[in-house]
Amino acid sequence: MTLLLLSAGQREASMHRSTSSPPVRLRPASFGAVIVALTLLASLPTRSAQAAHPVLEQASALLEDERHADAFGKVSTLLPTLIPGDPTYVAAHFILGRSLMAMGLYQSALRSFDEVAVGPGHTLYKQRMRAYLEIQHKLPGNLATVERLSEAKPSAFKSEDLPEIRYLLGRYHFDAAEHTKALSDLRKITPKGGEWYLKARMLMGITYVIKNQARPALEAFKDVLRYADRVGRPDFYAPYEQKAFMALGRLFFSIRKYETAGRYYDRVKEGTTPWLDSLFELGWTYFHLRRLDRVLGQLHTLNSPYFEDRYYPEARVLEALILFRTCRFPETLVVVQRFLRDYKPLRKELDNQLGGSRSDAEFYWYLASLAADKAGLSVALRRIFNAALNDRELQRVFTLVAKLGAEQTGLAKLKRNTTATKAAQRLIDDLGRVRNVMISEAGAMARKRLTQVRSELTEIIRQGLRIKYETLKARRNSINDAVRIAMAKTAAAVNEPRAADDEHVVWPFDGGYWRDELGGYTYDIRSRCKQKHFPRGWKNKKAAAKPQTSPATQAPDAKTSGGK
């Protein structure tokens, strides 16, 4: 498209048919030249400042030719000569921001767009907001862009961008614990918003759970499942369906509707991201349903070598508790000893790392070194690492730090390829300060998370030691009344071994794990308690079971696999 660009003075002269200042026809206008002209025309400054600056036109032409470093140099050299707030100054920063984005220097571009200080009525306002959104796509952990987007009205964005904008704002308010504001933004996203609608419904459900409002939380999570019937099953849908199953399982578990919780947990597909968590939580669900054979079956899967670097310390303690309550004392001690062998060194390692004098930044670099050498880590250290990084907010900050590190490399390259070396160095220094702040924030968040992990692990170890102590006492029949009652109730609850049917075969576990069996194990857990273990005069609903002597249960840790 060819444009005739006239300065305000040229337009005025043309309107009065003056021959002293004839209009000038320029070459086909570049993107940058159009930006300069529109900026000048929108702000209507004095005549002397209205002419499109030739340096900006040259920079625009360089941008078109993809000579981004040269364009950066042209504009950076011009900027010190301009007055802040002047239309040419605004246009220069906009072109500078675009040149930096073209080189992948998004954090640095953010600062340039901040200098494009124009209001909603200005031609560049919407383009500036669009630039912030583009930066958010490249630096998704950068809350600074969301803060800037929150200042704009919906009319500043394209209609197709509104679902994303509203989700980002909802997430921003959620992280700030402003739940009412978060819900207000998230509710505005309709199913036409596609993946942003699913993200919004999941976050709404979590928000309602935090607010102890079970009914609207239930509806929000179910909206994710209804999406398949109302809209379809696009490629992005499957992970959200699995997340919804997990969320509904947790919701019903929290209100003690264990049968319903179990049905949702059971719908999580094997091999998906939440599958292992669903097995663990389904184990607790079966525990409350007194399906102890299935509890131990789920825990048996979690203890397989396939998942040795996953962090489920409570699974071992739950297994030991069930074995103890069914009077399988030798097996109980074996499980507890294995648990203590694996997790006491982990707690000690946590004590060592958290008890030092590292600064938050130094703590970040310690975790970064673990990430770089992950293959050489021991199982215990891998568990530390997984425990620390299994946090969405922490992952967000770590990812952002890595992206800023890559941008520092890009700025160093720019400095070598531009004449404006001082301007490039200022960007390097500025980015260094921003990244150092983010590194300290990441280190502080990781330290807090690991401190929480250590506290939780200390409590679980205490529970394991308590079970060991009670087991040693029980072998001498020194059992308190509360434990005797628990043993009696467990004896009444345990199930008969699962029988074969048209869809299942019973295959004794021989010590080898097969992937197609994971999640399908059951455990022959008939109680070995005798009447002497129960409270005096206890009339049980089931007679105390005779000790099991089949080969599947002679060994302390032998289990039975129910084929799927």
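The values are calculated or read from the model by the stated rules, or taken from the named source; none is laboratory data. Please read all numbers here as calculations on a predicted model, not as lab measurements. Cβ coordinates were reconstructed from backbone atoms using ideal geometry, including for glycine residues, and neighbour counts include every protein chain displayed. These accessible areas exclude ligands, DNA and RNA; they are computed on the full protein's heavy atoms, side chains included. Shrake-Rupley method; radii C 1.70, N 1.55, O 1.52, S 1.80 Å.
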Exercise for the section: Rounded to the nearest 0.05, what FRET efficiency do residue 456 and residue 369 give with R0 = 25 Å and r taken as the Cβ-Cβ distance? Could you check? Expected result: 0.55
Fill in the blank from the handout: With all protein chains in place and a 1.4 Å probe, residue 538 shows an accessible area in Å² (nearest 10) of 80
Problem - Three semi-axes of the equivalent ellipsoid, the stretch 209-366, Cα gyration tensor, whole Å, largest first - result: 32, 25, 15
Exercise for the section: Would you mind computing the Rg to Rh ratio of the stretch 89-223 from its alpha-carbon coordinates, Kirkwood style for Rh? Expected result: 1.04
Completion exercise
Per the rule of 0.36 nm per residue minus the C-alpha distance, extending residue 386 to residue 482 adds in nm 30.9 nm
Completion exercise
On the accessible surface of the stretch 228-304, probed at 1.4 Å with all protein chains in place, carbon and sulfur together account for a percent value of 47
Completion exercise
Expected field for residue 138, accessible surface area in Å² at 1.4 Å probe radius, rounded to 10, holds 100
Problem - the stretch 168-300, accessible area per residue, ligands and nucleic acids excluded (1.4 Å, Å²) - result: 47
Completion exercise
To the nearest 0.05, the calculated FRET efficiency linking residue 469 and residue 538 through their beta-carbon distance, R0 being 25 Å, is 0.60
Practice task
Would you mind telling me the share, in percent, of accessible area of the stretch 71-155 contributed by carbon and sulfur at probe 1.4 angstrom?
Solution key: 54
Completion exercise
Among 243/448; 257/530; 192/269; 138/269, the pairs whose Cα-Cα distance exceeds 29 Å are 257/530; 138/269
Completion exercise
So for R0 = 60 Å, FRET eff. of residue 257-residue 115 from the Cβ-Cβ r, to 0.05, ends up at 0.60
Exercise for the section: May I have the pair-distance distribution P(r) for the stretch 158-203, computed from all Cα-Cα distances with 10 Å bins from 0 and rounded to whole percent? Expected result: 35, 55, 10
Handout entry: Å² per residue, accessible surface of the stretch 46-129 at 1.4 Å
Key = 42
Practice task
Order these peptides, 332-338, 195-201, by their mean beta-carbon neighbour count within 10 angstrom, highest first.
Solution key: 195-201, 332-338
Problem - Partner aspartates and glutamates for residue 489 [C-alpha distance under 14 Å; skip if fewer than 8 residues away on the same chain] - result: 481
Problem - Value of D in µm² per second that Stokes-Einstein yields for the stretch 351-470, Kirkwood Rh from Cα pairs, at 4 °C (1.567 mPa s) - result: 78
